[in-house]
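Reviewing the structure listed below.
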Protein chains: 2
Amino acid sequence: MDRALRDAILLLIRQARRILLIAHVAPDGDCIGSLLALGQALRALGKQAVLACPDPVPQPYHFLPGQEAITRDPVGEFQLLISLDSSDISRLGDIYRPAAFASVPLINIDHHTTNVHFGTVNWVDSDAASTAEMVYELIGELGVPLNPNMALCLLTGLVSDTRGFRTPTTTIRTMTIATRLMEAGASLTLITEQVLNRRPLAVIRLWGEALSTLQWRGRVIWAEITQAMRQRAGVQDNDAAGGLASFLASAHEADVAVVFSEKPDNKVEVGFRSVPGVDVSAIAFQLGGGGHPQASGCTLNGTLEAARQRVLAALDAALARQRGERVSGP
Amino acid sequence: MDRALRDAILLLIRQARRILLIAHVAPDGDCIGSLLALGQALRALGKQAVLACPDPVPQPYHFLPGQEAITRDPVGEFQLLISLDSSDISRLGDIYRPAAFASVPLINIDHHTTNVHFGTVNWVDSDAASTAEMVYELIGELGVPLNPNMALCLLTGLVSDTRGFRTPTTTIRTMTIATRLMEAGASLTLITEQVLNRRPLAVIRLWGEALSTLQWRGRVIWAEITQAMRQRAGVQDNDAAGGLASFLASAHEADVAVVFSEKPDNKVEVGFRSVPGVDVSAIAFQLGGGGHPQASGCTLNGTLEAARQRVLAALDAALARQRGERVSGP
């Protein structure tokens, strides 16, 4: 974090009495862990911190201390908003009320390359593997000593977003911060057990059904999750789709994996995963979404069939373009 | 490593001109990575190091520099043997020739609790998550600077044995050494990609079919892989079944996962996985197989149907017994 940015962030925090921290829609371990840790650090400084998320906290993160206080309906006045891990203001869902918050400064803390810098102050570090690593740094700048609870929340964020140190974004810095968080009392074993090694039986059943739709063409592999499959399996949240996409991307023969999830109101959520060297953030962005080079997503209107045709055509074009760039590149 | 042990090891290495390093039967990433790294370090000291393994190096480790020189038939005279990651001399297979090696000192370097101390000098550190961590320490004691190739081999060992930092053996020390190896030039991304993230598309297709047979009763979950499924998917080896059993055991609702694989000649291979606290080694043993408390297997004669009935009945009895022992235990 450069000095001017740090000073701007510290000043806004110092001036605020009551601060609203906001996680994103369809929350993951990184935004929830970052929210909880920063909330605790701000309280240690004597601030009133209210933690909000537009959607419920998914079950795998229920072991995190303080998650039960995350609200979907924050009330009262705030002198500062801090969004965590959101690349776009729409990711804040209905927590962000434009009229009420028009004159409230917003600090945008995020690690997504596709962040559109929607804040009053924007700290976007796309070299960080997780927002949790940035919050770790910020808590240090705030001069708050890490306690084991904060460390647990941050390490959960880091482990979730790197799928347990498996993404290419995992750097020496990521590993060093993970080690520091363990030294501060976070149990990697507990996090692995809660976040990586366990999933509901319903999700396994859903994968089974979804894998029966498996198809591939060239080096693209895809599967579909219909509303009916979700109902039969009893799976509500969208974690299952992300895990399935990562699993599909593990195929030797694939460079890109796509999972199409049918949603209510004639919408389709599309999750992309890719191997290092193939970028799926641009395609998600082009379709109105966002994300990282190796993991991105978007939501489309229309049927599964229409989404599949549109996405596969766009993907063919994007992959051909990337191959061209690699061949003729510098 | 305590000082007397270190001195004994360094003395044996200093006195030897030609040294045979031995990996174990059914080699894994830890013994192969440890072998390659220590071999390079010994050569840097001017020693002749011959690297041997009783079985071929598995495909996922073919990216490691120097693996092609690992021999199944070491010839000539040696002044020192070093076994890496073997708990018992039988694990050295036919590389260990009792008559020829009777008067040659053997350094036994291993991290398995069950090591039977078969060496002239035994360095067994069951706090290490991998033998690679011990070799990292030894290379430091030898005063050889780590080069990127050694670091790559050692980090591969560490990542393999911890399944990418996911085992409960992963400590602050493990993480610290992993970070140092990355600083020395090892690419965690390359290792993850080669060792953890990739499987053949055929295996993914087979999982899809097998998951359609998913059933559960109480806290036991199982699936079947028929010969026909294998043929349709084009999967020969049995790796797919082990991976599937581990995946099934990740169900929140399950304590034990079983995969029944139909084999030629009216045989069924049965793979068991369990959560910590539930032991599936005894049941496999009772049915003529063996293994570890959390991963075991056996082969039965008869049909899939017969195997399923026999195994599930035996499992019900064994689990009831274990529950009884836990309730009435010390």
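The values are calculated or read from the model by the stated rules, or taken from the named source; none is laboratory data. Fair warning: this is a prediction, and the values are worked out from it, not measured in the lab. Here Cβ is always computed from backbone atoms with ideal geometry, including for glycine, and neighbour counts include all displayed protein chains. When the accessible area is computed, the model is the full protein with side chains, heavy atoms only, and any ligands, DNA or RNA have been set aside. Shrake-Rupley method; radii C 1.70, N 1.55, O 1.52, S 1.80 Å.
Structural remarks
- Yes/no for B:LEU158 being within 12 Å of chain A (Cβ to nearest Cβ), in contact with a Ser or Thr (Cβ under 8 Å, 6 or more places away or on another chain) and assigned to a helix (DSSP H, G or I): yes
- The range B:135-175, residues that are free of Cβ contacts under 8 Å to residues at least 12 places away in the same chain and touching a helix residue (DSSP H, G or I) at 6+ places or on another chain (Cβ under 6 Å): B:ARG166, B:ILE172, B:MET175
- For the range B:200-214, the candidate set comprises residues that are crowded, with 19+ Cβ neighbours inside 10 Å and either more than 7 Å from chain A (Cβ to nearest Cβ) or not aliphatic (A, V, I, L, M) (or both); within that set, the residue that is nearest to B:LEU158 (Cα to Cα) is B:VAL203.
- Per the listing B:LEU287, B:LEU315, the residue uniquely in contact (Cβ under 8 Å) with a residue 60 or more places away in the chain and under 27 Å from the mean Cα position of the chain (by Cα) is B:LEU315.
- Subset of the range A:184-199 [facing chain B (nearest Cβ under 7 Å) and free of Cβ contacts under 8 Å to residues at least 12 places away in the same chain]: A:THR189, A:ASN197
- Taking the range A:104-138 as the range and being part of a helix (DSSP H, G or I) and open to solvent by less than 30 Å² (accessible area, probe 1.4 Å) as the test, the residues that pass are A:THR131, A:ALA132, A:GLU133, A:MET134, A:VAL135, A:LEU138.
- Taking residues in the range A:55-66 that are crowded, with 20+ Cβ neighbours inside 10 Å, and partners anywhere that are modelled with pLDDT under 95 and β-branched (Val, Ile, Thr), the pairs with Cβ atoms closer than 7 Å and at least 6 places apart or on different chains are A:PRO60/A:VAL195.
- The residue that is modelled with the highest pLDDT, counting only those in the range A:245-256 that are more than 8 Å from chain B (Cβ to nearest Cβ) and surrounded by fewer than 23 Cβ atoms within 10 Å (Cβ to Cβ), is A:ASP255.
- When B:PRO98 is tested against (1) touching a residue at least 40 places away in the same chain (Cβ under 8 Å); (2) exposed (fewer than 15 other Cβ atoms within 10 Å of the Cβ), exactly one condition is not met: (1).
- Check on B:GLU141, acidic (Asp, Glu), part of a helix (DSSP H, G or I), within 26 Å of B:PHE101 (Cβ to Cβ) and open to solvent by 20 Å² or more (accessible area, probe 1.4 Å): yes
- For the range B:80-91, a residue qualifies if it is under 20 Å from B:LEU36 (Cβ atoms) and either at pLDDT below 95 or part of a loop (DSSP other than H, G, I, E, B) (or both), and the qualifying residues are B:ASP85, B:SER86, B:ARG91.
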